[in-house]
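Peer 1: Dropping a structure here in structure tokens format, bear with me for questions.
The values are calculated or read from the model by the stated rules, or taken from the named source; none is laboratory data. Given the structure is predicted, the values throughout are model-derived calculations rather than measurements. Cβ placement follows ideal geometry from the backbone for every residue including glycine, while neighbour counts extend to all protein chains displayed.
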């Protein structure tokens, strides 16, 4: 009887895990090729990421004499993937980092968060995505696209290990 209960419990746990995995939001259309490089840019942000970046700037790092945006509009199609934005105050370094939990998948890699480093009256402009994967896994999926950047490309892109996770960092600072 105990073995039967244990087997039933194990099947329920497995079924719940599989359901959680399949319910992750596919973020391919949201993130949309951020890792891709060409002769002009080392990273490309999709229209959706660019719009979110702009809204977060208007909310958390408004320009002088500008009223902060009251609410950030998330793309409705992907809204369930986003957690609450958190601002890391780093005014002394000349920028602020806004992190947003991001629960979904991009090109099959599970995401943990998206972060934006925004300069305060300077050209700091960085977007990064943290993946719940090893560096070799992320490099295997995204690495070939990063390799196409040229010395003439604007900005830089790199894949960096962050403990057990891995981050794609796109630095478009001027």
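Peer 1: What are the residues in the range 64-82 that are out of contact with any helix residue (DSSP H, G or I) (no Cβ under 8 Å at 6 or more places or on another chain) and either in contact (Cβ under 8 Å) with a residue 24 or more places away in the chain or surrounded by 15 or more Cβ atoms within 10 Å (Cβ to Cβ) (or both), if any?
Peer 2: Of everything in the range 64-82, those that are out of contact with any helix residue (DSSP H, G or I) (no Cβ under 8 Å at 6 or more places or on another chain) and either in contact (Cβ under 8 Å) with a residue 24 or more places away in the chain or surrounded by 15 or more Cβ atoms within 10 Å (Cβ to Cβ) (or both) turn out to be 64, 80, 82.
Peer 1: Please indicate, with yes or no, whether at least one residue in the range 115-130 is closer than 18 Å to residue 165 by Cα, surrounded by 12 or more Cβ atoms within 10 Å (Cβ to Cβ), touching a strand residue (DSSP E or B) at 6+ places or on another chain (Cβ under 8 Å) and without any contact (Cβ under 8 Å) to a residue 40 or more places away in the chain.
Peer 2: yes
Peer 1: To continue, here is another question. If you go through the range 81-121 one residue at a time, how many are more than 16 Å from the chain's Cα centre (by Cα) and either assigned to a loop (DSSP other than H, G, I, E, B) or at pLDDT 95 or above (or both)?
Peer 2: Total meeting the criteria: 5.
Peer 1: Quick check on the range 148-170: of everything there that is surrounded by 15 or more Cβ atoms within 10 Å (Cβ to Cβ) and free of Cβ contacts under 8 Å to residues at least 60 places away in the same chain, which residue is nearest to residue 58 (Cα to Cα)?
Peer 2: 169
Peer 1: Exactly one of these conditions fails for residue 78: (1) over 20 Å from residue 33 (Cα atoms); (2) under 13 Å from the mean Cα position of the chain (by Cα). Give me its number.
Peer 2: Just one mismatch for residue 78, condition (1).
Peer 1: Looking at the range 133-147, can you tell me whether even one residue there is assigned to a strand (DSSP E or B) and surrounded by 19 or more Cβ atoms within 10 Å (Cβ to Cβ)?
Peer 2: no
Peer 1: Keeping to the range 83-113, report how many residues are in contact (Cβ under 8 Å) with a residue 40 or more places away in the chain, in contact with a helix residue (DSSP H, G or I) (Cβ under 9 Å, 6 or more places away or on another chain) and within 18 Å of residue 33 (Cα to Cα).
Peer 2: Of the residues in the range 83-113, 8 are in contact (Cβ under 8 Å) with a residue 40 or more places away in the chain, in contact with a helix residue (DSSP H, G or I) (Cβ under 9 Å, 6 or more places away or on another chain) and within 18 Å of residue 33 (Cα to Cα).
Peer 1: Also, quick follow-up: Between residues in the range 135-147 that are within 15 Å of residue 161 (Cα to Cα) and residues that are in a helix (DSSP H, G or I) and at pLDDT below 90, which pairs lie under 9 Å by C-beta distance while being six or more apart or on different chains?
Peer 2: 139/146
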